[in-house]
Each structure stands twice: as C-alpha cells, then as structure tokens.
Amino acid sequence: MFLILQKVALPTASSLVKKLELSVHYYDLNLEDTKSKELIDWFKEKELLTEEYNGELANFKNAYKVEK
C-alpha cells in the first residue's frame, strides 16, 4: 500500500491555495443609508425586501413603553 501511495502524484500545497480567495464585506448601515434608492433596489434584488417595501426598515414606535 505504501509503495502505491508513493507513486501517486499529489498536488503541491501552493497549487492547492493558488486560486483560494477570501473576501470580507462589512458595512455599517445608518439611517441615511435607508434613504438610498440604490441600496433599497439592491435589497430588493437580493430579495431581502419585498417589492411592497414602504420605506421603513424598522419601526421603533412600539419598542418602548411610553407613559403619557
């Protein structure tokens, strides 16, 4: 078995990682970004928002109890 494995041409480490790519995308959204038509269209394209999007990403109106 060992003799068979010695004859098998294994790829080098450099050839294995040559086409390896790592990319990181980080973006900190803020309130102004929610007004960007380009960003909203991108969210819709990626199906992160529905076509019926009403201009509000979040509604904090009822997040905290407010006594009057």
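Just so it is clear, none of the values below were taken in a lab; they were calculated from the coordinates. Just so we're clear, the structure is a prediction, and the values are computed from it rather than from any experiment. Note that each Cβ is placed from the backbone with ideal geometry, even for glycine, and that neighbours are counted across all protein chains shown.
Taking 0.36 nm per residue of separation and subtracting the current Cα-Cα distance, fully stretching the chain between V66 and T50 would add 2.7 nm. Sorted ascending by nearby beta carbons within 10 Å, beginning with the fewest, S14, S23 become S23, S14. With the convex hull of the Cα atoms taken as the outline of the chain, the averaged projected area works out to 11.4 nm².
Here the dipole of the chain is about 480 debye; that uses its Cα centre as origin and unit charges on the Cβ of Lys and Arg (positive) and Asp and Glu (negative). Each residue, L31 and A9, gets one label point 7 Å from its Cα in the Cβ direction; the gap between the two is 6.4 nm.
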